[in-house]
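So the structure is just underneath, and the comments pick up after that.
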Number of protein chains: 2
Amino acid sequence: MTRRPKVPGRSTIIDVAEEADVSRQTVSRVVANHPRVAPETRLRVKDAIEKLAYRPNRMARALVTRMSLTFGFATVDMQDLHFGDTCAGMQAAAREHGYYLVVTELDTNDNGGMGTLETLLTLGVDGVAIFPSLLDDKTLEQFAATSGCPVVVIGRESKIPNIVSIAMDETAAAELVVDHLVEGGKKRIGVLMNEMFPEVVHGRYVALQRAIEHHTGVESPPVEAGHPKIDEGRTAARVLLEKNPDIDAVVAFNDIMAMGTLLACGDLGLRVPRDIAVVGYDGIPFGAVANPPLTTIVQDSIGMADAAFMALLTCLKDGSPPDGEVLLWQPELLVRASTGLASPRT
Amino acid sequence: MTRRPKVPGRSTIIDVAEEADVSRQTVSRVVANHPRVAPETRLRVKDAIEKLAYRPNRMARALVTRMSLTFGFATVDMQDLHFGDTCAGMQAAAREHGYYLVVTELDTNDNGGMGTLETLLTLGVDGVAIFPSLLDDKTLEQFAATSGCPVVVIGRESKIPNIVSIAMDETAAAELVVDHLVEGGKKRIGVLMNEMFPEVVHGRYVALQRAIEHHTGVESPPVEAGHPKIDEGRTAARVLLEKNPDIDAVVAFNDIMAMGTLLACGDLGLRVPRDIAVVGYDGIPFGAVANPPLTTIVQDSIGMADAAFMALLTCLKDGSPPDGEVLLWQPELLVRASTGLASPRT
DNA sequence: CTGTTAGCGCATTCAG
DNA sequence: CTGAATGCGCTAACAG
């Protein structure tokens, strides 16, 4: 005698219960693979489920279990080079554990992204991964403190209470780059930075500065900054090279700017790598067809994303909130012709 | 006297009601901006909301309204070149309308992705956008028939009942490319296709074939296929060029393969564009630094994604299911040096 | 092994 | 203008 103003196809647990002539509980138990169900009953219920194409409503379930089996994945820029890889990495891990991802781009105009993050929580996500570049520590800390769920940050090495951060080891990367250049006989290393994303850039710059001082004794290497675009990188690189004619190597913030640097070298009649060695970061595939092919720092975005997912899951299982833990990911140097050392002995 | 085993921070509508000394209904009305609330009461409630940092639980709301304000975005490959743009486009539109995106990668091993799509529905999404390349029509049609919500497909021009499809106009693109080549004096056009993604590839190939016949009279242009990687493209292009020495232009499935073609031309001592013109598809930024810079077909991924979102929303508002509608997106030809016509009169 | 009772947090009736 | 009752679809806790 109860009404049923339902959505067309979807049937509910009650429909199944009626069809199998059992109570809702029994259906619930079958769905949850609960052991205490008579084999014969289980079969009848399974048939009914099949027949009615029943799929449990995860929102209703989440309401009572207080677990949505859903994680939020918030990013600052979906057009970031690493976004696809990172998203794919989290997704793969999520699928394996029955989780889903709610993906959103942070509206940084809205209180530095806090608004978006809060709305994400209203969707009932069990945890949040943030793939930032430029979110400041204060915003992150404030969010983590009030979120009531585990929070991890990908791509930022920052010790924030209640947050696990997962990032590439910039110090190790800088060591790899500088060591490689110095080994190739380069002594005067210039740096081309990104004028955006201050938080990330700063870490990378400081790491490079230290490595350069350590390996060459130069305390303040020449540096220039520009937009992370090919043309802007070209312009900035030209300025860098003209201001510092003695430079024999350029480390660019990323491969895009490194390509701009290659063009700038062409503009100035400098031969790469003989006159100038060039290194980028990211390992984008087109580095292989650049002229000359680009030496670059590669990071395992997928692996980092996977680790982010697992960190969230672990926090949930342990019931313990994350605590400023920092997972450092080791970079790899992909040597190609732009540093002239592609294959030292072949 | 009711217990409250809640999540740490989160307060519910009842907490707010108690704090403001009103009933839950009144709070609900204030949140929904319902007009029939006394200004003074509204203020008191708003204060309470502020004080308790109350955020409505969207799952609970969705349960009763049968609207989650959430769309599913299913993709076949998150590492696809267009994924980031497409995701960003949908996201921007979604945010504007208070919607959220549940993003998932389809597990094509699992019944062609049906399993993933069905699970998506259990999350209560109000509609689904699918960004495929290789999902077959039958899977899509079957899903749309049983989903009970609007479904749009991005990147496939296929007339499927109950589905809106949004795709680039391959015929127009082929016309642009071939017309441009012929105008530049090219007569023997070879085609380099992708051996994966049969559905998409086929449409592109047929369109090119027609345009070539239309413009040059050649009925079956030389064609070769390979994996969409630089090296594999290079190999396939070499085969194509060696088999057909009279070719004076190559249209590649995408920019990646076009870059492989550039390398192959180098291998064979062919000068681009004098001996061979080369065109790609996608408009990836690195086309600009290829040697020579690559002429390419650009599609507005963001615009298409935006249209996909709006299509879903419209279907929802109108209550009418989509009906095999096809929205064709116009491509643009970005002319650069690889076709030798970069700037005809400058 | 199975059914009953009691909500999860919210919005939609309908009375006042 | 506001409150009381009812139930969305589901599971947890307890009976039996």
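Tell me the residue from A:45, A:31 that is in contact with a helix residue (DSSP H, G or I) (Cβ under 6 Å, 6 or more places away or on another chain), of a type outside the set (S, T, N, Q), farther than 17 Å from residue A:154 by Cα and not assigned by TED's automatic domain parsing to the domain that holds residue A:306, please.
On the way: A:31 fails: in contact with a helix residue (DSSP H, G or I) (Cβ under 6 Å, 6 or more places away or on another chain).
None of the other options fit; the residue is A:45.
Of the set (1) outside any strand (DSSP E or B); (2) in contact with a Ser or Thr (Cβ under 6 Å, 6 or more places away or on another chain); (3) outside the structural domain of residue B:84 (by TED's automatic domain parsing), all apply to residue B:305 but (3).
Scan the range B:235-284 for residues that are free of Cβ contacts under 8 Å to residues at least 12 places away in the same chain, within 12 Å of chain A (Cβ to nearest Cβ) and charged (D, E, K, R) and the total you get is 0. The residue that is farthest from DNA strand D (Cβ to nearest atom), counting only those in the range A:9-31 that are surrounded by fewer than 16 Cβ atoms within 10 Å (Cβ to Cβ) and either β-branched (Val, Ile, Thr) or within 14 Å of chain B (Cβ to nearest Cβ) (or both), is A:9. Residues in the range A:91-113 that are modelled with pLDDT of 90 or more and in a helix (DSSP H, G or I) were compared, and the one that is nearest to the other protein chains (Cβ to nearest Cβ) is A:91. Look at (1) farther than 17 Å from residue B:262 by Cβ; (2) at pLDDT 95 or above; (3) surrounded by 16 or more Cβ atoms within 10 Å (Cβ to Cβ) and you find that residue B:190 fails only one, number (1). Annotation for the range B:124-141: no member residue is within 12 Å of chain A (Cβ to nearest Cβ), part of a helix (DSSP H, G or I) and either in contact (Cβ under 8 Å) with a residue 40 or more places away in the chain or surrounded by fewer than 22 Cβ atoms within 10 Å (Cβ to Cβ) (or both). For residue A:272, which of the numbered conditions (1) touching a Cys at 6+ places or on another chain (Cβ under 8 Å); (2) assigned to a helix (DSSP H, G or I) fails to hold? Unmet condition: (2). Taking the range A:81-91 as the range and being touching a helix residue (DSSP H, G or I) at 6+ places or on another chain (Cβ under 7 Å) and surrounded by fewer than 22 Cβ atoms within 10 Å (Cβ to Cβ) as the test, the residues that pass are A:85, A:88. Note on the range B:193-213: residues that are modelled with pLDDT under 95 and more than 22 Å from the chain's Cα centre (by Cα) amount to 0.
Among B:113, B:89, which is assigned by TED's automatic domain parsing to the domain that holds residue B:144, among the small types (Gly, Ala, Ser) and out of contact with any strand residue (DSSP E or B) (no Cβ under 8 Å at 6 or more places or on another chain)?
Details: B:113 fails: out of contact with any strand residue (DSSP E or B) (no Cβ under 8 Å at 6 or more places or on another chain).
Of the residues listed, the single one that is assigned by TED's automatic domain parsing to the domain that holds residue B:144, among the small types (Gly, Ala, Ser) and out of contact with any strand residue (DSSP E or B) (no Cβ under 8 Å at 6 or more places or on another chain) is B:89.
Within the range A:32-55, being more than 8 Å from DNA strand D (Cβ to nearest atom) and either touching a residue at least 12 places away in the same chain (Cβ under 8 Å) or crowded, with 18+ Cβ neighbours inside 10 Å (or both) holds for A:37, A:41, A:42, A:44, A:45, A:46, A:47, A:48, A:49, A:51, A:52, A:53.
Scan A:127, A:112, A:148 and give me the residue that is of a type outside the set (Val, Ile, Thr) and in contact with a Phe, Trp or Tyr (Cβ under 6 Å, 6 or more places away or on another chain).
Values: A:112 fails: in contact with a Phe, Trp or Tyr (Cβ under 6 Å, 6 or more places away or on another chain); A:148 fails: in contact with a Phe, Trp or Tyr (Cβ under 6 Å, 6 or more places away or on another chain).
Within the list A:127, A:112, A:148, the selection yields A:127.
Selection of first residues in the range A:170-188 that are more than 14 Å from residue A:249 (Cβ to Cβ) and of second residues that are acidic (Asp, Glu), restricted to Cβ pairs under 8 Å at least 6 apart or on distinct chains, gives the following pairs, ordered by first then second residue: A:170/A:157. Scanning the range A:56-71 for residues that are at the interface with chain B (Cβ under 8 Å from one of its Cβ atoms) and buried (at least 16 other Cβ atoms within 10 Å of the Cβ) gives A:56, A:57, A:58, A:59, A:60, A:62, A:63, A:68, A:70. Counting only helices (runs of 4 or more DSSP H) wholly contained in the range A:7-69, the ones carrying 1 or more residues that are within 7 Å of DNA strand C (Cβ to nearest atom) occupy A:24-31, A:39-52, A:58-65. If you go through the range A:88-99 one residue at a time, do you hit one that is within 16 Å of DNA strand D (Cβ to nearest atom) and not hydroxyl-bearing (Ser, Thr, Tyr)? For the range A:88-99, residues within 16 Å of DNA strand D (Cβ to nearest atom) and not hydroxyl-bearing (Ser, Thr, Tyr): present. Taking residue A:64 as the residue in question, decide whether it is within 15 Å of DNA strand D (Cβ to nearest atom), without any contact (Cβ under 8 Å) to a residue 12 or more places away in the chain and either assigned by TED's automatic domain parsing to the domain that holds residue A:33 or of a type in the set (Val, Ile, Thr) (or both). In short, yes.
Looking at the range B:72-79, can you tell me whether even one residue there is within 16 Å of DNA strand D (Cβ to nearest atom) and either outside any loop (DSSP other than H, G, I, E, B) or surrounded by fewer than 21 Cβ atoms within 10 Å (Cβ to Cβ) (or both)? Walk me through how you get there before you give the answer.
In the first step, residues of the range B:72-79 are kept if they are within 16 Å of DNA strand D (Cβ to nearest atom); the result is none.
No, the range B:72-79 has no match at all.
The values are calculated or read from the model by the stated rules, or taken from the named source; none is laboratory data. Keep in mind that this is a model prediction, so the values were computed, not measured. Counting neighbours? That spans all protein chains shown, and the Cβs are built from the backbone with ideal geometry, glycine included.
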